[in-house]
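Structure first, commentary second.
Every number here is computed from the coordinates shown, using simple stated rules; none is lab data. Since this is a predicted model, take the numbers as computed values, not measurements. As a convention, Cβ positions derive from the backbone with ideal geometry for all residues, glycine included, and neighbour counts pool all protein chains shown.
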Amino acid sequence: MHTYTAQTFNLPELSGLSDGQIKAHLGLYEGYVKHVNLLREQIADLTALDPEKYSYAIMETRRRLGFEFNGMRMHEYYFSQFEGGASPLGADSSLGKAVTEKYGSVEAFVAHFMGVGMSRGIGWSVLYRDPIGNTVHTAWVADHELGQLGGLPVIAAMDMWEHAFMVDYLPKDKKNYIEAFLKNMNWRVAEDRFGVK
């Protein structure tokens, strides 16, 4: 059985996000990786023991796997966006043109992305690419797996769970966290994910 390993990220010094915050957040990410592996083992073990007797436990474990797996993967999107240092979203890039077509300008898109991030509750502000029509969508995703837009590639992911900012910012100051996140975002990573030349 394949075992997932926590990725390492080559992160520069981040403005507005302390080393302590990033270290705590990376530790949480490593927990998701660990639990993906544990849940997959548990499903295999229960299936080997008696798939009929443990069918309910297997089904519930599979449901939990979606939460842990998406928690792992969304954090991989998140941290990789800081690698290489901050870089603005180029208005002339394919992604810049797509968000301008949908939202009116790069600045209007960033304001919209921030607005989605300000939604009450825990979750993610996520930018997706829809290959049908070659457009983009921004969505609020709660609990990592609730609200994901089926089959659409993630272009940018901003973690809005309190664990992403509570070392540095109180919940009432999450706008300051969003500004720090965007200040450190390497939009070239998102442009590469968009993948349209």
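Over all directions, what mean area does the Cα convex hull of the range 110-197 project, stated in square nanometres?
Details: hull surface 23.4 nm².
For the range 110-197, the mean projected area of the Cα convex hull comes to 5.9 nm².
Each principal axis of the Cα cloud of the range 52-129 was evaluated for its coordinate range; sorted largest first, these ranges are 58, 28, 22 Å. Two tests apply to each whole DSSP H helix in the chain, Cα reach of 20 Å or more along its axis and mean Kyte-Doolittle hydropathy of at least -0.5, and the ones passing both are 19-49. For D130, the residues 5 or more places off, or on other chains, whose built amide H falls under 5 Å of its own are T135, V136, H137. Would you compute the Debye intensity of the range 19-80 from its alpha-carbon atoms alone, equal scatterers and no solvent, and pass along log10 I(q)/I(0) at q = 0.16, 0.29, 0.30 Å⁻¹ to two decimals? For the range 19-80 at q = 0.16, 0.29, 0.30 Å⁻¹, log10 I(q)/I(0) is -0.56, -1.11, -1.15. Normalised by the number of residues in the range 19-140, the mean separation of alpha-carbon contacts (under 8 Å, six or more apart) gives a relative contact order of 16 percent.
To two decimal places, what compactness ratio does the range 134-177 give when its Cα radius of gyration is scaled by 2.2 N^0.38 Å?
Taking N as the residue count of the range 134-177, the ratio is 1.38.
The magnitude of the dipole of the chain, with charges of +1 and -1 set on the Cβ of Lys/Arg and Asp/Glu and taken from the Cα centre, is near 320 debye.
Step through the table entries K97/K183; K23/K172; K23/K102; K102/K174; K34/K172, compare each Cα-Cα distance with 29 Å, and write down the pairs that go over it.
Details: K97/K183 20 Å; K23/K172 22 Å; K23/K102 36 Å; K102/K174 26 Å; K34/K172 31 Å.
In this structure, K23/K102; K34/K172 lie more than 29 Å apart at Cα.
Calculated over the chain, the projected area of the Cα convex hull averaged across directions stands at 12.1 nm². With contributions of -39500 (n - 2.57) from each DSSP H run of at least four residues, the per-residue ellipticity at 222 nm computed over the chain stands at -16500 deg cm²/dmol. Among M72, M114, the ranking by other beta carbons within 10 Å of each residue's beta carbon, starting with the fewest, stands as M114, M72.
Of all beta bridges that DSSP places with both ends in the chain, some 95 percent have antiparallel geometry.
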